[in-house]
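These notes are about the structure you will find just below.
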Amino acid sequence: MADLKFQIVMFPWFAAGHMTPFLHLANELAKRGHRITYLLPKKALVQLGHLNRHPDLVTFRIVTIPHVAGLPEGTETASEIPLSLNHLLCTATDKIQDQVVGILRETKPDLVVYDNAFWVPELARKLGIKTVCFNVVCAASLAIGLVPARKVPKDRALTLEDISQPPPGYPSTKVILRGDEARSLLFLSLPFGDNITFYDRITNALRECDAIAIRTCREIERSFCDYMSHQYHKPVFLTGPVLPHQSKHHDLDPSIATWLAGFEPRSVVFCAFGSQLNLEKPQFQEILLGLELTGLPFLVSLKPPMGCDMVDEALPEGFEERVGGRGMVCRGWVQQPQILDHPTVGCFVNHCGFGSMWESLMSEKQIVLCPHLGDQILNTRILVEELAVAVEVEKAEKGWISKEKLCEAVKKVMDEGSDVARRVRENHEEWRLVLGTAGFTDAYIDGFVHNLRELLRGEK
């Protein structure tokens with residue numbers, strides 16, 4: 001049994017923040033000799049294909065996403081649409097059950113690893129296949145919103161009063177949502193597919209699987225993982241951060257690499273908010289103006305804001321003329337890990353999505369956080385309150401980030417003589433050494449493989 005090689009089907013939610021860590025995990029499993037069939041739509045293959053490090057063992061299988069009313073024609077992934085249309089993509093994805101069953105019958109896997117496709121366990125059980133629900137968000141966000149103790153009302157819309165307090169038994173007084181931040185959990189009662197809410201979709205996915213897996217580590221989130229195991233009465237397996245080995249800066253896009261090379265070490269501020277977040281145009285401009293206000297060189301990668309097809313349409317008046325060569329605004333996808341690896345980058349301003357949280361921790365850069373959604377706020381609490389490795393930008397009215405407060409936060413961490421800069425740098429270095437210890441990642445993946453073996457052993 002210790003030498004057993006698995007046949008695994010992976011079926012992530014078709015958003016970059018889900019598909020990418022699923023593929024990183026697939027690469028780690030393939031490195032250990034396991035065979036993966038990875039389901040994705042054709043457009044995602046274009047985005048992810050180059051990240052497959054073991055094409056002999058990781059096989060992509062294309063699934064066809066049907067059109068549903070209200071979804072732009074040809075939509076296949078969440079990065080093509082605003083967040084407000086994700087529920088329709090869920091509806092479309094739920095319609096590929098026959099395709100999934102066909103692949104399962106053909107490949108005869110030992111395990112299916114999935115996330116929000118709550119119907120997978122029922123299909124898999126009929127074929128004698130074990131299931132693992134793999135979550136690529138922090139355990140804290142699962143524990144605060146997606147547990148039976150939360151008891152989301154069935155007969156009415158969720159209210160702020162329903163979620164103003166953490167659920168019973170929630171294990172932290174620091175990693176919480178404060179005041180109006182609790183509004184970010186109201187989405188739990190919104191539709192996420194036909195006749196199903198987000199809360200029911202995810203809690204059903206967690207409830208029906210044979211084991212829960214979370215992309216996290218005990219060193220940071222042990223109490224939340226234990227709480228999840230207790231809530232769902234089943235094992236919780238941890239994979240660790242599951243980050244790829246960093247490419248060196250010479251692999252970076254030549255135009256960006258050349259621009260970065262023109263500055264002093266650790267002097268450039270890099271700002272990126274992920275592949276899905278669409279800011280309103282005034283907030284988009286405020287971010288750019290705040291970076292301009294720092295007086296430091298900066299590199300920005302943000303999606304065009306709401307109502308704009310191109311980034312250029314949203315630039316503040318006279319912005320490019322004022323910043324000249326010290327500011328670079330990217331017009332498309334950028335290689336975030338490689339940029340963070342570049343020696344002239346000294347600060348990473350980000351939204352604290354879970355992938356960016358791990359990349360922040362594993363980097364040597366100072367961290368400034370501008371969270372927007374519930375899980376991002378909780379990730380931020382972990383980095384700011386629990387680990388004390390980052391600074392959060394103080395929000396103005398209506399949750400907005402002002403240019404002055406953004407500038408202030410960046411200067412706090414970039415001023416070498418600042419007590420704040422020294423404290424977060426020292427704490428960050430301690431955690432980076434823990435997470436970067438030789439064998440740290442491998443130990444988690446090996447432990448995960450052992451857990452999968454034990455799960456399969458239980459059916460013998």
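The values are calculated or read from the model by the stated rules, or taken from the named source; none is laboratory data. On a predicted model such as this, the values are computed, not experimentally measured, just so you know. Every residue, glycine among them, receives a Cβ derived from its backbone with ideal geometry; neighbour counts consider all protein chains shown.
Okay, here's what the table says:
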{"read-out": "ILE220 buried (at least 16 other Cβ atoms within 10 Å of the Cβ) and not assigned by TED's automatic domain parsing to the domain that holds LYS403", "value": "yes"}
{"read-out": "Residues of the stretch 75-88 satisfying the condition of being farther than 17 Å from LEU373 by Cβ and assigned to a helix (DSSP H, G or I)", "value": "GLU80, LEU88"}
{"read-out": "Any hit, the stretch 173-195, residues being of a type in the set (S, T, N, Q) and without any contact (Cβ under 8 Å) to a residue 24 or more places away in the chain", "value": "yes"}
{"read-out": "Of the criteria (1) in a helix (DSSP H, G or I); (2) modelled with pLDDT of 95 or more, which one CYS347 fails", "value": "(1)"}
{"read-out": "Filtered residue count, the stretch 63-80, keeping only those that are out of contact with any strand residue (DSSP E or B) (no Cβ under 7 Å at 6 or more places or on another chain) and surrounded by 14 or more Cβ atoms within 10 Å (Cβ to Cβ)", "value": "9"}
{"read-out": "In the stretch 280-301, the residues that are assigned to a loop (DSSP other than H, G, I, E, B), in contact (Cβ under 8 Å) with a residue 12 or more places away in the chain and surrounded by fewer than 21 Cβ atoms within 10 Å (Cβ to Cβ)", "value": "GLU280, LEU296"}
{"read-out": "Residue check, GLU359 more than 18 Å from THR20 (Cβ to Cβ), of a type in the set (Asp, Glu) and either in the same structural domain as ASN278 (by TED's automatic domain parsing) or surrounded by fewer than 24 Cβ atoms within 10 Å (Cβ to Cβ) (or both)", "value": "no"}
{"read-out": "Residue within the stretch 386-399 that is within 20 Å of the chain's Cα centre (by Cα) and closer than 30 Å to VAL112 by Cβ present", "value": "no"}
{"read-out": "The stretch 172-209, residues that are under 13 Å from PHE134 (Cα atoms), in contact with a helix residue (DSSP H, G or I) (Cβ under 6 Å, 6 or more places away or on another chain) and charged (D, E, K, R)", "value": "GLU208"}
{"read-out": "Any pair with Cβ under 6 angstrom, 6 or more apart, that starts in the stretch 10-29 at a residue that is touching a residue at least 60 places away in the same chain (Cβ under 8 Å) and ends at one that is among the β-branched types (Val, Ile, Thr) and part of a helix (DSSP H, G or I)", "value": "GLU28/ILE445"}
{"read-out": "GLY169 being within 27 Å of MET19 (Cα to Cα), touching a residue at least 60 places away in the same chain (Cβ under 8 Å), out of contact with any His (no Cβ under 6 Å at 6 or more places or on another chain) and part of a loop (DSSP other than H, G, I, E, B)", "value": "no"}
{"read-out": "Selection within the stretch 381-408 - assigned to a helix (DSSP H, G or I) and in contact (Cβ under 8 Å) with a residue 60 or more places away in the chain", "value": "ARG381, ILE382, GLU385, GLU386, GLY399, LYS403, GLU404, LYS405, LEU406, CYS407"}
{"read-out": "Within the stretch 128-157, tally of residues that are more than 24 Å from TRP13 (Cα to Cα) and within 25 Å of the chain's Cα centre (by Cα)", "value": "1"}
